[in-house]
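Note sheet for the following structure.
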Amino acid sequence: MTLLSVNVNKLATLRNSRGRNNPDVVKGSLDIVKFGAQGITVHPRPDARHIRFDDVYALKRAIKVELNIEGYPAEDFMKMVEDVVPAQCTLVPDPPHVLTSNAGWRVKESEKTLRDVATRLRGKKIRSSVFVDPDTMADDDYALLGKWGIDRVELFTERFADHYGDADADKVLARYKKAAELARDAGLGVNAGHDLSLVNLTRLIQEIPWIDEVSIGHALICDALYLGLEETVKQYLKCIRTGYEAASVSTSR
């Protein structure tokens, strides 16, 4: 069944706004795990506007579930990842100035970078994942990633979320399912993330039940303002279970 990895960047954003340690990112992450999440995701950026490198080290020491570190593979980032040795490193083609991840890799144009980074991560026994946009991926790109030693792709789900519930929703979701099928056929695992929420998560899992992991941060923290953190994590886990069960019923008919 799909695992839930909670992105705790927004906890760090709130903390940094006052310059002290409230909320405590490590304590918040430990609570999120206690409430049922199976992983923690962080995305340290060069300007340290939310998660900082020292947070990454502290989380690695504290949590017993999978740590997923996202980011652009600049040399300082890669050295930190190799030192921390998380379960997974998700490679994102973010320039330093962007507000949030907003594009997938151009695979063929990035061959040397992705090959070299895959080799480094594999040498440390760190699972690699590459952030991809189904709309800009060629069908053969997935096989290339597998050939280069990449372990998984993370589907950039902004467009799925933007079109959820409108006239193009089924057509857009079909593109995501095809992408997940191409990835699976290439021997890649499949993750998903960006703008997933309590509104749309169940449908995504129902259509693509072999997704290994979803990474969710912004919507989950926003929901927690109203529902509380424990109840919010439980509701996201329920969305995953409901989607998975619906997919199982559909395939058994």
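The values are calculated or read from the model by the stated rules, or taken from the named source; none is laboratory data. Nothing here was measured: the structure is a model prediction, and the numbers come from that model. Every residue, glycine among them, receives a Cβ derived from its backbone with ideal geometry; neighbour counts consider all protein chains shown.
The set of residues from region 16-38 being over 22 Å from the mean Cα position of the chain (by Cα) and assigned to a helix (DSSP H, G or I) comprises just one member, N16. Quick check: anything in region 127-136 in a helix (DSSP H, G or I) and either more than 16 Å from Y72 (Cβ to Cβ) or touching a Ser or Thr at 6+ places or on another chain (Cβ under 6 Å) (or both)? Checked region 127-136: no residue is in a helix (DSSP H, G or I) and either more than 16 Å from Y72 (Cβ to Cβ) or touching a Ser or Thr at 6+ places or on another chain (Cβ under 6 Å) (or both).
In region 1-29, what residues are under 27 Å from L204 (Cα atoms) and aliphatic (A, V, I, L, M)? Once the filter is applied, which keeps residues that are under 27 Å from L204 (Cα atoms) and aliphatic (A, V, I, L, M), region 1-29 yields M1, L3, L4, V6, V8, L11. Go through the residues of region 81-95 one by one and say whether even a single one is among the charged types (D, E, K, R) and modelled with pLDDT of 95 or more. Within region 81-95, one or more residues are among the charged types (D, E, K, R) and modelled with pLDDT of 95 or more. Checked against the criteria, R20 does not count as in contact (Cβ under 8 Å) with a residue 40 or more places away in the chain and of a type in the set (K, R). Considering each residue of region 66-81, count those that are touching a Leu at 6+ places or on another chain (Cβ under 8 Å) and either hydroxyl-bearing (S, T, Y) or assigned to a helix (DSSP H, G or I) (or both), and give that number. Within region 66-81, residues that are touching a Leu at 6+ places or on another chain (Cβ under 8 Å) and either hydroxyl-bearing (S, T, Y) or assigned to a helix (DSSP H, G or I) (or both) number 2. Of all the listed residues (T232, T202, T242, T157), the sole one being touching a His at 6+ places or on another chain (Cβ under 8 Å), among the hydroxyl-bearing types (S, T, Y) and modelled with pLDDT of 95 or more is T157.
Out of curiosity, is G149 on the phi > 0 side of the Ramachandran plot and without any contact (Cβ under 8 Å) to a residue 60 or more places away in the chain? For G149, the condition - on the phi > 0 side of the Ramachandran plot and without any contact (Cβ under 8 Å) to a residue 60 or more places away in the chain - is met. Scanning region 128-145 for residues that are crowded, with 16+ Cβ neighbours inside 10 Å, free of Cβ contacts under 8 Å to residues at least 60 places away in the same chain, closer than 25 Å to L196 by Cβ and not polar (S, T, N, Q) returns V130, V132, D133, P134, M137, D141, Y142, L145. Out of the residues in region 1-29 that are surrounded by fewer than 21 Cβ atoms within 10 Å (Cβ to Cβ) and among the β-branched types (V, I, T), which is nearest to C89 (Cα to Cα)? Restricting to residues being surrounded by fewer than 21 Cβ atoms within 10 Å (Cβ to Cβ) and among the β-branched types (V, I, T), the top hit is V26. When the residues of region 125-156 are filtered to those that are over 14 Å from D212 (Cβ atoms) and among the β-branched types (V, I, T), the one that is nearest to the chain's Cα centre (by Cα) is V132. State which residue is surrounded by the most Cβ atoms within 10 Å (Cβ to Cβ) when the search covers only region 167-199 and only residues that are touching a Gly at 6+ places or on another chain (Cβ under 9 Å) and within 19 Å of A118 (Cα to Cα). Looking at residues that are touching a Gly at 6+ places or on another chain (Cβ under 9 Å) and within 19 Å of A118 (Cα to Cα), I get A183.
Residue check: Y57 meets all listed conditions (1) surrounded by fewer than 18 Cβ atoms within 10 Å (Cβ to Cβ); (2) touching a residue at least 40 places away in the same chain (Cβ under 8 Å); (3) farther than 22 Å from T2 by Cα; (4) of a type outside the set (D, E, K, R) but one, namely (2). Please work out which residue is nearest to the chain's Cα centre (by Cα), limiting yourself to region 39-51 and to residues that are assigned to a loop (DSSP other than H, G, I, E, B) and crowded, with 17+ Cβ neighbours inside 10 Å. Checking each candidate, the answer is H43. Each residue in region 4-44 was checked for being in contact with a Pro (Cβ under 9 Å, 6 or more places away or on another chain) and among the hydroxyl-bearing types (S, T, Y), and 0 of them qualify.
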